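Heads up: the structure comes next, in structure tokens.
The values are calculated or read from the model by the stated rules, or taken from the named source; none is laboratory data. On a predicted model such as this, the values are computed, not experimentally measured, just so you know. Ideal geometry is used to build each Cβ from the backbone, glycine not excepted, and the neighbour counts take in all protein chains shown.
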Amino acid sequence: DAEITQSPRHKITETGRQVTLACHQTWNHNNMFWYRQDLGHGLRLIHYSYGVQDTNKGEVSDGYSVSRSNTEDLPLTLESAASSQTSVYFCASSSSGRNEQFFGPGTRLTVL
Amino acid sequence: DAKTTQPPSMDCAEGRAANLPCNHSTISGNEYVYWYRQIHSQGPQYIIHGLKNNETNEMASLIITEDRKSSTLILPHATLRDTAVYYCIALPVSGAGSYQLTFGKGTKLSVIP
């Protein structure tokens, strides 16, 4: 069955380190998204991509970057991790022109 | 995007139908009603969407009023695994992309044994 996976599921890192969170989907979806979810803030969009080589900033993109070199993967990089980036990160994907987004299981990131 | 209003919480007995209401009185003609849910510690899950006709899939039914100002998500036989926060949002359909999902506080559904 097609699916969307994220790795690692849990990560503890130190302030200032570079961290990359992986997202892989096997639906052949053109659209991919990264969200973070914090208590009191709900889901907030970090970056999104509508296809290979396309990336766009979301509402909370500072300190994060993405690259889309193929259809299946959209890795999220924290350039220099900060304690404010402690959160649960969700990756999602959807078909072109569709708002039905399918989410991964999430990565819980702790920055000490 | 139209604002949606949902009750903060509801209880439902296991095996009974759960009817979750949503008001979207400012919805525009090109906006669909989408329902998602989030079970504790899991990613959000798409349930169903509709424009103006009632819709049914393997998970739920969606009833949209004729004036499209409100809708009801129906889980016909609720189980304990349906305990989750349910979100109703209104979104237009985009050309090639997909819209950012912005959830409000949703309805916390508790299915009681």
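Does residue A:36 meet the test of being touching a helix residue (DSSP H, G or I) at 6+ places or on another chain (Cβ under 9 Å), buried (at least 16 other Cβ atoms within 10 Å of the Cβ) and closer than 24 Å to residue A:95 by Cα? Considered against the rule, which asks whether it is touching a helix residue (DSSP H, G or I) at 6+ places or on another chain (Cβ under 9 Å), buried (at least 16 other Cβ atoms within 10 Å of the Cβ) and closer than 24 Å to residue A:95 by Cα, residue A:36 comes out as yes.
What residue, of A:42, A:58, A:97, A:51, is free of Cβ contacts under 8 Å to residues at least 12 places away in the same chain and either aliphatic (A, V, I, L, M) or surrounded by 15 or more Cβ atoms within 10 Å (Cβ to Cβ) (or both)? The match here is A:42. Do the conditions hold for residue A:8, that is, is it within 22 Å of residue B:85 (Cα to Cα) and either exposed (fewer than 14 other Cβ atoms within 10 Å of the Cβ) or within 14 Å of chain B (Cβ to nearest Cβ) (or both)? No; evaluated as a whole, the condition is false for this residue.
Scanning the range B:9-49 for residues that are of a type in the set (Gly, Ala, Ser), crowded, with 19+ Cβ neighbours inside 10 Å and more than 10 Å from chain A (Cβ to nearest Cβ) turns up just one, B:18. Among the residues of the range A:89-103, those identified as assigned to a strand (DSSP E or B) and at the interface with chain B (Cβ under 7 Å from one of its Cβ atoms) are A:90, A:94, A:102, A:103. Filter the range A:69-106 for residues that are within 18 Å of residue A:29 (Cα to Cα), in contact with a Gly (Cβ under 7 Å, 6 or more places away or on another chain) and not small (Gly, Ala, Ser) and give the result. Across the range A:69-106, the qualifying residues are A:90, A:91, A:103, A:105. The condition (being polar (S, T, N, Q), part of a strand (DSSP E or B), farther than 30 Å from residue B:32 by Cβ and modelled with pLDDT of 95 or more) is satisfied by just one residue among A:55, A:15, A:77: A:77. Screening the range B:1-92 for strands (runs of 3 or more DSSP E) wholly inside it with 3 or more residues that are on the phi < 0 side of the Ramachandran plot and more than 13 Å from the chain's Cα centre (by Cα) returns the ranges B:9-13.
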